[in-house]
Amino acid sequence: MKKLLKLFSASNITVLLLIVVVLLSACGSAASTKSEGKESGATKKNQVTSIKMALPSLNASYLPLFVAEKNKLFEKNNVNVSFTRVQGGVIALRGLQTNEYQIISSLPESAITGVAQGANIKIIGTLDDQSMYTIYTTSDIKSPKDLKGQVVATNRTGNGTDIQLRWWLKKNGLKPDKDVRIIEAGENSTRLQSLVTGQAKMTILSQPTDLKAEAAGMQKLALIRDDLKSYNHNMLMANGDFLKENPKDAKGFMAAIAEATEYAKKPENKDEMIQLIMEKLEMKKEDAQKSFDFVLPALADKGKFNKDGVKWAIETTKETGALKADVTLKQLIDESYIVK
């Protein structure tokens with residue numbers, strides 16, 4: 001009997017020890033799982049999303065992008081932005097539609113015609129809220145009326161550059177394709193070349209090609225923004241699927257733009273901004289100074305676009321015949337990514 005009691009007691013102790021071991025193991029496993037869950041959540045929270053951005057040109061209007069990159073403001077908002085230079089807005093828009101690029105900078109007219117054709121894209125902001133174009137002529141043209149009967153050079157019929165050029169001609173009493181003959185000369189550099197070689201008497205240029213025009217003896221006849229008060233030039237457009245799947249990253253991108261723009265506009269940072277333009281655009285200090293002074297008044301606070309300017313672009317694109325279907329502001333823009 002004593003032997004049986006001893007055996008029973010030993011068995012109970014063994015069982016109790018096994019139960020304790022199992023419970024401790026379970027608690028350890030739960031704690032481990034909880035800890036892993038916390039680490040996983042933290043990792044997900046701090047995960048950096050890569051964004052590819054296409055730039056159809058390279059000029060001082062991109063100053064907020066330069067600042068955000070240099071000061072690591074994108075990384076601060078958990079996005080890693082890489083830039084690719086492409087030849088023109090058409091190629092940029094095509095890459096945006098296929099999600100090769102998640103964000104691009106381009107004239108609003110390209111987004112308008114793209115959305116009309118079913119493109120899944122949205123305008124989420126802008127770098128500047130004024131036109132960056134200037135009218136240049138050969139030295140013998142003293143006023144718009146001197147252009148009657150002459151040849152003027154555009155980029156490509158129906159694109160944003162062409163639409164602004166035709167609008168300016170009408171604004172100054174000239175009928176496009178009737179009072180003046182319009183030829184397609186392509187990008188900024190080749191449009192300038194058409195003036196230098198005498199193929200055309202007038203064209204429309206953006207910076208920094210405007211500096212080359214002045215150096216070549218061409219005459220600045222007008223600034224588009226003096227006549228066109230509502231416009232957004234370098235608009236920020238995003239792929240629709242990217243926005244749906246990564247809304248926080250799109251907001252992070254715009255937050256970086258907002259902070260960079262504020263930094264660039266502070267008077268005490270002027271010399272730093274001129275130096276940055278010199279480095280990014282390989283400019284002499286004098287030219288960088290001119291470019292900075294030109295773009296500074298147009299930099300859009302927080303990347304916020306001018307709705308009246310978007311409406312103007314829709315209406316004017318339709319007037320030219322480049323827009324065949326109706327496009328509404330709701331279809332085109334999304335303000336929810338702009339920092340309040």
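The values are calculated or read from the model by the stated rules, or taken from the named source; none is laboratory data. If you're wondering where the values come from, they're calculated on a predicted model, not measured in any experiment. Reconstructed Cβ throughout: ideal geometry from the backbone, glycine too, with neighbour counts over all protein chains shown. Heads up: the accessible areas ignore ligands, DNA and RNA and are worked out on the full protein's heavy atoms, side chains in. Shrake-Rupley method; radii C 1.70, N 1.55, O 1.52, S 1.80 Å.
Listed values, structure above:
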{"quantity": "Segments classed as strands (runs of 3 or more DSSP E), wholly inside segment 40-116, with at least 2 members that are more than 17 Å from Asn159 (Cβ to Cβ)", "calculated": "49-55, 79-85"}
{"quantity": "Within segment 117-133, tally of residues that are open to solvent by 10 Å² or more (accessible area, probe 1.4 Å) and assigned to a strand (DSSP E or B)", "calculated": "2"}
{"quantity": "Residues of segment 195-225 classified as over 27 Å from Lys280 (Cα atoms) and without any contact (Cβ under 8 Å) to a residue 12 or more places away in the chain, total", "calculated": "1"}
{"quantity": "Close pairs (8 angstrom Cβ cut-off, 6 or more residues apart or separate chains): more than 17 Å from Leu296 (Cα to Cα) in segment 227-246, part of a loop (DSSP other than H, G, I, E, B) and among the acidic types (Asp, Glu) anywhere", "calculated": "Leu243/Asp334"}
{"quantity": "Considering residues of segment 286-301 that are in contact with a Ser or Thr (Cβ under 7 Å, 6 or more places away or on another chain) and open to solvent by less than 90 Å² (accessible area, probe 1.4 Å) only, the residue nearest to Leu58 (Cα to Cα)", "calculated": "Val295"}
{"quantity": "Filter result for the condition that a residue is part of a helix (DSSP H, G or I), open to solvent by less than 60 Å² (accessible area, probe 1.4 Å), farther than 30 Å from Asp140 by Cα and at pLDDT 95 or above, over Asp271, Asp249", "calculated": "Asp249"}
{"quantity": "All positions within segment 61-114 that are among the aliphatic types (A, V, I, L, M), at pLDDT 95 or above and within 21 Å of Lys311 (Cα to Cα)", "calculated": "Ile104"}
{"quantity": "Unmet requirement for Ile104, which otherwise passes all of (1) within 15 Å of the chain's Cα centre (by Cα); (2) surrounded by fewer than 19 Cβ atoms within 10 Å (Cβ to Cβ)", "calculated": "(2)"}
{"quantity": "Selected residue [in contact with a strand residue (DSSP E or B) (Cβ under 9 Å, 6 or more places away or on another chain), closer than 16 Å to Val327 by Cβ and in contact (Cβ under 8 Å) with a residue 60 or more places away in the chain] from Asn78, Asn120", "calculated": "Asn120"}
